[in-house]
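Below is one structure, written out as structure tokens; comments come after it.
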Amino acid sequence: MTDRKIRSIVIVGGGTAGWMSAATLARILSTQYASITLIESDEIGIIGVGEATIPQMATFNRMLGLDEDQFMRETKGSFKLGIQFVNWARQGHVYYHPFGKYGLDMQGVSFHAYFLRLHQMGEAPNIDDWSLQATASRNNKFMRPIDAGNSPLSEIPYAFHFDAGLYAKFLRSYAEGLGVVRREGKIVDVKLRGEDGFVQSVVMENGDEVEGDLFIDCSGFRGLIIEQALKAGFTDWSHYLPCNRAVAVPCESVDEWTPYTRSTAHTAGWQWRIPLQHRTGNGHVFSVDHMSEDEATQILLNNLDGKPLADPRVVRFTTGHRNKLWIKNCVAMGLAGGFIEPLESTAIWLIQSGLSRFLTMFPDRDFNQADIDRYNRIMTTDYEEIRDFIVLHYHATERDDSPFWNYCRTMDIPERLAEKMRVFRSHGRCFRENEELFNDTSWFAVMHGQLMKPKSYDPVADVMSLEETRARLAHIKEAIVNSADYMPKQRDFIREHCAA
Ligand code: FAD
């Protein structure tokens, strides 16, 4: 049998996507299996935003075998237990989307069914009381889980905030240590093979040609290979998610590092606040069809914790994804593949899921079309499911104070989301479909947080008497308060373990 193994991999782009790809392939396949070359241009640079993550990132770090404390030190990171949403459901309203579960499922019935029963009777006003993450966040507490039997402290899913530029550098040194070769310079052309249209090489500004069996396009929004050479086409979701600009600025950090991302809704979008050890990252995501760049920048600057540390920078984007993320011998990762605004910090996870799904279907030089089709179908579903979750935040709102919110509140939404909302409105039920990223707790957090009101609670919650329901919920709440009390302040935890 002839050897059809991939012998050379060329990664185009050295942002988060490029270096995550390089590190993963070098770790899993090794550079003995195939040579790995990464090309990036310092002159073009990286997008440099993308600083909040979800707990799956810890799995990625473990897969690479990274030391988490070193990772935190080198990226000047902080820990994240969830997202606080301000002014989303209505002006002045605040809710929290925590990582991890609420309370405890009992007798095969989800916790939020019992909660809703009491909540609808006017008891149990605040779901946050049954989330360790939300309760700890109120006092800026953080610790990693410990072995504590059935205490809530045994299970504390958490994620990271980090400096995106430092993260790319960190992964670069890791990947280079495993034999990845970095080439500096601008790519000016992509050569396709005459006979089948596969990518043959990329041509650098100095005339060098870099050939490969497999190309990973991580070139950012421009999609140098996937779009410009292979004409993948783009599915545009602006009608569901009209924000198309972000203006970003770091500022001095003034508090004790909140262990959560804050998202504050404004009149034509929202503002992120991401605390790091050396600064706070801020950005205003908005629709330029509803607000000018100057106005959006002014709103951002008026809502900073401390002094800005740089000039505000505008990033333009269109929400959606390439019609095909893998074509012939090129697969697109990161912004080259698509973009959904960072409201739930999902872009880096999409790189992670792209890489792990790609590895389960890793090709040989025959590039079997069935594998490619399957990858494209699954990745498209990942994008669609995340899109629906993000659309929920905009659509399920009472806000009617601007043309932007009136549009979002009344727009047509994808049928899959409409069905989830109908199901929730009847008996407060939420489900995770298949392999979708967000689980029933997340759907409940946002539906309930956005003030959606079910007609009734789930009737199976009646399996437990009212008295027992009250007693058990009180007991769980107490365990959560005690656990949160036990936790140190995040600043102290970082000082002890991973101060930059
Ligand atoms: P880039 O960082 O743009 O990298 C592109 C690379 O390609 C660069 O190295 C560049 O030099 C190289 N390149 C391009 N053209 C050429 C050429 N011709 N020759 C040579 N090299 C070339 N994600 C999250 O998970 N959480 C967040 O909180 C979050 N916030 C975000 C906020 C905003 C406003 C935006 C726009 C994105 C955010 N993201 C977030 C997404 C995240 O930033 C990206 O997914 C991630 O940084 C990956 O970017 P990238 O590597 O695909 O692209």
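The values are calculated or read from the model by the stated rules, or taken from the named source; none is laboratory data. Owing to the predicted nature of the structure, the values given are computational and were not obtained by experimental measurement. Because the Cβ atoms are built from the backbone with ideal geometry, glycine has one as well, and the counts that use them run over all protein chains shown. Keep in mind that these areas ignore ligands, DNA and RNA; they rest on the heavy atoms of the full protein, side chains included. Shrake-Rupley method; radii C 1.70, N 1.55, O 1.52, S 1.80 Å.
Across the stretch 161-181, what is the number of residues that are in a loop (DSSP other than H, G, I, E, B), charged (D, E, K, R) and surrounded by fewer than 17 Cβ atoms within 10 Å (Cβ to Cβ)? Working first, answer last.
Just the residues of the stretch 161-181 that are in a loop (DSSP other than H, G, I, E, B), to begin with: 162-163, 178-180.
Within this subset, residues satisfying the condition of being charged (D, E, K, R) are 163.
Narrowing further to those that are surrounded by fewer than 17 Cβ atoms within 10 Å (Cβ to Cβ): none.
Result for the stretch 161-181: 0.
The stretch 440-500 holds helices (runs of 4 or more DSSP H) entirely within its bounds, and those carrying 2 or more residues that are open to solvent by less than 20 Å² (accessible area, probe 1.4 Å) and farther than 22 Å from D105 by Cβ map to 490-497.
For the stretch 283-312, a residue qualifies if it is of a type outside the set (A, V, I, L, M, F, W, C) and closer than 15 Å to E341 by Cβ, and the qualifying residues are G283, H284, S287, D289, H290. Only one of the numbered conditions (1) open to solvent by less than 40 Å² (accessible area, probe 1.4 Å); (2) over 30 Å from W257 (Cβ atoms); (3) part of a helix (DSSP H, G or I); (4) of a type outside the set (D, E, K, R) is not met by F221, and that is (1).
For the stretch 344-355, which residues satisfy the criterion of being more than 9 Å from the ligand (Cβ to nearest atom) and either crowded, with 24+ Cβ neighbours inside 10 Å or among the β-branched types (V, I, T) (or both)? Outline the logic, then answer.
Taking the stretch 344-355 first, the residues more than 9 Å from the ligand (Cβ to nearest atom) are 352-355.
If the condition is that a residue be more than 9 Å from the ligand (Cβ to nearest atom) and either crowded, with 24+ Cβ neighbours inside 10 Å or among the β-branched types (V, I, T) (or both), then G354 is the only one that fits.
The criterion of at least 2 residues that are farther than 17 Å from V49 by Cβ is met by the following strands (runs of 3 or more DSSP E) wholly inside the stretch 224-318: 234-236, 261-266.
Residue count for the stretch 289-312 under the criterion of being in contact (Cβ under 8 Å) with a residue 12 or more places away in the chain and either of a type in the set (S, T, N, Q) or outside the structural domain of C251 (by TED's automatic domain parsing) (or both): the result is 2. Quick check on the stretch 109-116. Is at least one of its residues without any contact (Cβ under 8 Å) to a residue 24 or more places away in the chain, assigned by TED's automatic domain parsing to the domain that holds L473, more than 27 Å from the chain's Cα centre (by Cα) and farther than 18 Å from S154 by Cβ? Checking the stretch 109-116: not a single residue is without any contact (Cβ under 8 Å) to a residue 24 or more places away in the chain, assigned by TED's automatic domain parsing to the domain that holds L473, more than 27 Å from the chain's Cα centre (by Cα) and farther than 18 Å from S154 by Cβ.
Name the residues in the stretch 147-160 that are assigned to a loop (DSSP other than H, G, I, E, B) and more than 19 Å from E478 (Cβ to Cβ), would you?
Passing the criteria: D147, P157, Y158.
Every listed requirement among (1) within 19 Å of T24 (Cα to Cα); (2) surrounded by fewer than 19 Cβ atoms within 10 Å (Cβ to Cβ); (3) within 9 Å of the ligand (Cβ to nearest atom) is met by K186 save one, (1). For the stretch 36-86, the candidate set comprises residues that are within 14 Å of the ligand (Cβ to nearest atom) and charged (D, E, K, R); within that set, the residue that is nearest to V181 (Cα to Cα) is E40. Scanning the stretch 246-266 for residues that are open to solvent by 40 Å² or more (accessible area, probe 1.4 Å) and closer than 23 Å to I390 by Cβ yields a single hit, R262. The set of residues in the stretch 160-219 that are among the acidic types (D, E) and under 17 Å from D42 (Cβ atoms) comprises E176, E184, E205, D208.
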